[in-house]
Amino acid sequence: GSYEHILTSTPKPGVGLITINRPKALNALCSPLFVELNEALSKYDNDKEIGAIIITGSEKAFAAGADIKEMAPLSFAAAYNDNFIAPWSHLANTIRKPVIAAVAGHALGGGCELALMCDILYCTANANFGQPEIKLGTIPGGGGSQRLTRLIGKSKAMELILTGKNFSGKDAGEWGVAAQVVDGGKDEVLEVALKTAETIAGYSRVATVAAKEVVNKSQELSLKEGVDYERRLFHALFGSKDQTIGMTAFAEKKKPEWSNE
Ligand code: HXC
């Protein structure tokens, strides 16, 4: 489809790329943009050809947050009754294929939260992360207080969220927020994301979706429950064709031809 605020393409076999493209507002995530983002995500999630999805922005901004001008006039009743930003849960709650964030420039407020919702985060060293909502008289609303705290611990998260102080891509790497910090700019970080996405898309869809599901369970469950959950799904994968294909190919020293079943 054609969108107003995002671009979509398949730059490599099996890889769906979504580029946030609202340059006039530094990719601020207005509600219509999020509707488009969700539509594109679901389209790739439901597309058998696609094995991994990348979300990126521009050199200057991954996304400078939710749209402050859109939020400014909202009342509690309007926000509550319309369940404002409910669409923001779609990515974390519904999308089953791996999603990679390739972050350059600003990733602030909702932009930081969107990046944190992705399964793997890559960024440039000078990417600019932060939860500056406190400066606007409010708090994170896209999961930042929960996801950032789980990633970097309470004291650091408290400091960032209470002061609105930003942190760099380099910090993100050192703190384990980013899987890798990439030298260079947007093109370089996107290149790293594309390589990983292509690798993931080269595996069985059944296995990659299951792998994402079990890792995500570790964020929700106790260790015992999580390990039990993993065990059940591990057992279940013996019912997949691709388990037979993968293990037989190894034994025969061949490259597996996945059935995605
Ligand atoms: C709406 C935004 C915006 C935003 C930037 N713009 N961020 N519009 N919402 N979040 C607009 C500016 O108004 C300006 O429009 C244009 O983009 C360029 O921005 P400048 O400020 O001129 O650019 P610069 O001087 O380079 O500064 C960049 C910046 C600054 C440091 C990123 O724009 C900034 O502080 N933005 C707000 C960051 C923020 O507070 N984000 C959190 C939002 S709250 P004009 O028309 O003037 O050219 C949030 C809540 C999440 O995200 C909870 C819900 C999920």
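Observations on the model:
- Normalising the average separation of contacting C-alpha pairs (under 8 angstrom, six or more residues apart) by the number of residues puts the relative contact order of region 1-139 at 23 percent.
- Column: log10 I(q)/I(0), Debye, Cα scatterers of region 205-251, q = 0.17, 0.26 Å⁻¹: -0.52, -0.91
- Footprinting exposure proxy ranking of Trp88, Trp258, Trp175, fewest other C-beta atoms within 10 angstrom first, gives Trp175, Trp258, Trp88.
- Exposure proxy ranking for Leu26, Leu190, based on other Cβ atoms within 10 angstrom of each Cβ and starting from the fewest, stands as Leu26, Leu190.
- Among Arg232, Arg147, Arg96, the largest mean-square fluctuation in a Gaussian network model of the chain, built with springs joining Cα atoms closer than 10 Å, belongs to Arg232.
- All Cα pairs of the chain, percent lying beyond 22 Å: 57
- Pairs of Lys residues in region 92-214 are counted when their Cα atoms are under 18 angstrom apart and they lie 8 or more places apart or on different chains; the count is 10.
- FRET efficiency for Asn46 and Leu136, using Cβ-Cβ distance with R0 set to 41 Å, rounded to 0.05: 0.70
- Positive contributions from Lys and Arg (+1) and negative ones from Asp and Glu (-1), summed over other residues with Cβ under 12 Å from the Cβ of Gly109, come out at -2.
- Comparing mean-square fluctuations of Thr163, Thr208, Thr244 from a GNM of the chain with C-alpha springs under 10 Å, the top value falls on Thr244.
- DSSP bridge pairs, the chain: antiparallel proportion in percent, nearest 5: 25
- For the residues Asn93, Asn27, Asn81, a GNM of the chain with alpha-carbon springs under 10 Å puts the largest fluctuation on Asn81.
- Each of Ser42, Ser168 was scored by other Cβ atoms within 10 Å of its Cβ. Listed from fewest to most, they are Ser42, Ser168.
- Using the rule -39500 (n - 2.57) for each DSSP H run of four or more residues, divided by the residues of the chain, the 222 nm mean residue ellipticity is -13000 deg cm²/dmol.
Values in this text are rule-based calculations from the coordinates and carry no lab data. Owing to the predicted nature of the structure, the values given are computational and were not obtained by experimental measurement. Cβ atoms come from the backbone with ideal geometry, glycine included; neighbour counts cover every protein chain shown.
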